[in-house]
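Shown next, in structure tokens, is the structure this report addresses.
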Amino acid sequence: MIGRALRQARALLSVRYAEMLEYRAELVLWMLAGSMPLILMGVWMKVAATRPLGLEPVDFARYFLVLFLVRQATVVWVIWEFQEKVLTGALSQRLLQPIDPVWNEVAKHVAERFARLPFVVVLVALFFALYPDARWVPHPWALLSGLLLTIAAFAVRFAIQYTLSMMAFWTERAGSLQSVWFHLYVLFSGMLAPLSMYPESVRTFAELTPFPYLVYVPVAATLDHPAFPVDVPRACAVMAAWGVAFVVLNRVLWRRGLRQYSGMGA
Amino acid sequence: MRRHRTPLLRLVGLFWSTSVAAEMEYRVDFVLAVLNSGFGLLTTIFGLSLVFGGGPSFAGWSWHQAMVVVGVFTILEGFTRAVLEPNLGQIVRHVQQGTLDFVLLKPVSAQLWLSTRGLSPWGFPDVVLGVGLTLWAALKSGAGAADLALAIVPLAAAVVTLYSLWFVLATTSIWFVKIYNVTQVLRTLVEAGRYPVSVYPFGHRMFFTFIVPVAFLTTVPAETLVGRGSWAWIAASVGLAALLALAARAFFRFALRFYTSASS
């Protein structure tokens, strides 16, 4: 059974990877569309230069660079495709396949990461060439935990967005929900500024939501800097809990939604 | 030969009333659009408050003056959602499906038709919030009636500049069919206009003034609104808008020569 699953995964991934390579120019544009952290980096480097924050401009350069990378590695767009499939009835064909439709979407997202990687590497090299002061070598353990937490962040973010996607069975515009959700994500994830710069009350509230785990936690773990505290084992446990909660909710909604689904051929 | 010509304004009025009527079928969406605008504005204001860090001013801008920039940005965001996205985002579809043929055959300017055919009410909450915030913050910053009147000039220039940038990018879809994400890149860069341009370091400032003219979209109108605008910057914003509008028009005509319709 495991052998079969592995074969399926390989087939899906190689097909999707080949597909993604066709759209390389588009991938570059998507990468640039995620350049907000590089803009905010400028603001915070200037803030650090004008006001004592206990952090140097170079600390912010690294924070926002790693944030850029984490965002690149955790991009999720499944809701837009799922919504389209439900509205046009294209989901019906997927339902006929002897594999849950979610795996096709997961494969697309994973394959896209690998297709995008070379461009991201070029951009980071360019960044370090332009700004040599920001160069640093992360501690191997920090790098490893940052990487694992980034993968976990991708998984949780995917689970959440795929759960929101289920709303497409009941409303024609699940995408609008995602737009509202995205503002909250920007607000509470540490994208605007390191979470440690937030007022105490806002930070306490943010930590009750999944948002900081999707951005701030992987970034802080990679940087391993005293000004960006993070409790890695605890973060892993919290992320696992959020992940399980959303997967369960997702499966419940999926079953109910399918009963509701009346696309062509269903 | 007698030709019946509908006045252009009436034509645009008809376009917009029909598209709003169509969109109004999705009323729950309107609630979401309001939430969306509200959270968007909240996020910007919160981000700016972190940058100010409780201080009275930052990079030469008082808190209320910076709020004027946020207000102008929100107005332009509403314009993007209401007009630019629903129209210019569709050009690519016309090229893909060959329906651009029908547009070119109509007895109105193709550019006008493509730019004004749709109007999405989902941009209205942003426009309302943006105008309200701009007026409130400008008055708090001590703006007089003369400042408000004068600011209409750079504001109009900003709208024309933003439209022209979008139109040029949307026109490239005649060659490159996947255009949605080029406009996404532009939207991301324009986001820099949420803050006054002087909060950025030198390199960013140069980029956002001379390469992607974000400074002319929000900072110049806001400076005029709070009574510290300079004639040189206002003149420059009008000049830039005129130049980009002409360039966009010329580029569209040039691109059409490469359009091989679906039927030929």
Whole-percent carbon and sulfur share, accessible surface of region B:8-256, 1.4 Å: 72
Most mobile listed residue (B:Leu84, B:Leu165, B:Leu35) in chain B, GNM with C-alpha springs under 10 Å: B:Leu35
Residues in region A:10-40 that, when all protein chains are in place, have 10 Å² or more less accessible area than the chain alone would give (probe 1.4 Å): A:Tyr23, A:Glu26, A:Leu29, A:Trp30, A:Leu32, A:Ala33, A:Ser35, A:Met36, A:Leu38, A:Ile39, A:Leu40
Efficiency of FRET from Cβ geometry, A:Gln97 and B:Leu112, R₀ 45 Å, rounded to 0.05: 0.45
Dipole of the protein assembly as shown, positive end: most advanced residue of B:Val220, B:Thr99, B:Phe251 [Cβ charges, Cα centre]: B:Thr99
Solvent-accessible area lost in complex, 50 Å² minimum, residues of region B:188-224 relative to chain alone, 1.4 Å: B:Thr188
Cα centre as origin, Lys/Arg/Asp/Glu Cβ charges: chain B dipole, Debye: 840
Per residue, in Å², the accessible surface of region A:2-260 once ligands and nucleic acids are set aside, probe 1.4 Å: 47
Total accessible surface hidden between B and A, rounded to 100 Å², 1.4 Å probe: 3000
Max mean-square fluctuation residue, GNM over chain B, Cα-Cα springs under 10 Å, options B:Ser237, B:Ser19, B:Ser37: B:Ser19
Most fluctuating residue given options B:Gly40, B:Gly78, B:Gly229, as computed from a GNM of chain B linking Cα atoms under 10 Å: B:Gly40
Accessible-area composition of region A:2-260, carbon plus sulfur, in percent [1.4 Å probe]: 69
Expected 222 nm ellipticity per residue - DSSP helices of 4 or more, -39500 (n - 2.57), all of chain A, to 500: -24500 deg cm²/dmol
Where labels lie 7 Å past Cα in the beta-carbon direction, separation of A:Asp231 and A:Arg7 in nm: 4.7
Which of B:Ala143, B:Leu133, B:Thr260, positive extreme of dipole for chain B (C-beta unit charges): B:Thr260
Debye, to nearest 20: dipole size of region A:2-260, +1 on Lys, Arg Cβ, -1 on Asp, Glu Cβ: 660
Net charge dipole size for the protein assembly as shown [Lys, Arg +1 and Asp, Glu -1 on Cβ; Debye, nearest 20]: 1180
Dipole-positive endmost among A:Phe60, B:Ala110, A:Val219 within the protein assembly as shown (Cβ charges, Cα centre): B:Ala110
Rounded to 10°, Cα long-axis angle of helix B:8-23 versus longest principal axis of chain B: 80
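The values are calculated or read from the model by the stated rules, or taken from the named source; none is laboratory data. Because the structure is a prediction, the values reported are computed rather than measured. Neighbour counts are summed over all protein chains in view; Cβ atoms, including those assigned to glycine, are modelled from backbone coordinates with ideal geometry. Just so you know, the surface numbers come from the protein's heavy atoms only, side chains and all, with ligands and any DNA or RNA stripped out. Shrake-Rupley method; radii C 1.70, N 1.55, O 1.52, S 1.80 Å.
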